[in-house]
Amino acid sequence: MNIRLLTAAEAEVYRELRLEGLQTNPEAFGSSFEEEKDISLESFASRIEGQGTFTFGAFNQGDLLGVATLVQANKVKLKHKASIFAVYVSPQKRGLGIGKQLMVEVINQAKTLVDVEQINLTVVSSNDSAKGLYTSLGFRVFGTERNALKIGQQYFDEDYMVLFF
């Protein structure tokens, strides 16, 4: 397994995995497949290489199996925080520790950023496996938003988690 930062040249494989995630686990993302399916490859490339954005990919024999994105806040009063978004591992590769490896790389990256003292993330409250992973890495729940996401007529709560350095 090779965990590394993605480049804009890998926008196509990133887009494919992102769209897979939006279809497979729509409750895990604020965006929907319908909103992102027609977004250009150039837009995905700029997401990957945006200022203060670090998207890590887990590769095995050239195949992208999972991703996680770290974004450092850029406002003066918020620069002490970074947030994790869009964590996803293909269902057929779950349970192999890929998510943990991605999260460790993201946390290590955050620790190298000047001013960052904490990492925030949100996770669907019913996603016990993700919450277990985040808790094992030191994240703690500090709040829950009821009905944070709505898909059709179904609501999903989200837990807010933080890791302080």
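The values are calculated or read from the model by the stated rules, or taken from the named source; none is laboratory data. What you are looking at is a predicted structure, and each value in this text was computed from that prediction instead of being measured. SASA here: full protein model, heavy atoms, side chains in, ligands and nucleic acids out. Shrake-Rupley method; radii C 1.70, N 1.55, O 1.52, S 1.80 Å.
Things to note:
- With all protein chains in place and ligands, DNA and RNA left out, the 1.4 Å accessible area ranks Leu5, Leu96 as Leu96, Leu5, largest first.
- For the chain, DSSP calls about 90 percent of its internal beta bridges antiparallel.
- Exposure rank, largest accessible area first [Asp157, Asp38; 1.4 Å]: Asp38, Asp157
- Helices in the chain, meaning DSSP H runs of at least 4 residues, each add -39500 (n - 2.57). Divided by all residues, the mean residue ellipticity at 222 nm is -9000 deg cm²/dmol.
- Whole-percent carbon and sulfur share, accessible surface of the chain, 1.4 Å: 48 percent
- Anchor Lys75: aspartates and glutamates whose Cα lies under 13 Å away (excluding residues fewer than 8 positions away in-chain): Asp115
- Note: the chain, Cα convex hull, 117 Å³ per residue.
- Once the chain from Glu42 to Asn2 is taken as fully extended at 0.36 nm per residue, the excess over their C-alpha distance is 11.9 nm.
- Above-threshold pairs, the threshold being 24 Å between Cα atoms, out of Lys77/Lys100; Lys77/Lys131; Lys37/Lys100; Lys77/Lys111; Lys93/Lys131: Lys77/Lys100; Lys77/Lys131; Lys37/Lys100
- Each listed q (0.12, 0.14, 0.22 Å⁻¹) maps to a log10 I(q)/I(0) for the stretch 33-120 from the Debye sum over equal C-alpha point scatterers, namely -0.42, -0.56, -1.12.
- On full extension, the segment bounded by Leu113 and Glu35 gains 24.9 nm, given 0.36 nm per residue less the C-alpha separation.
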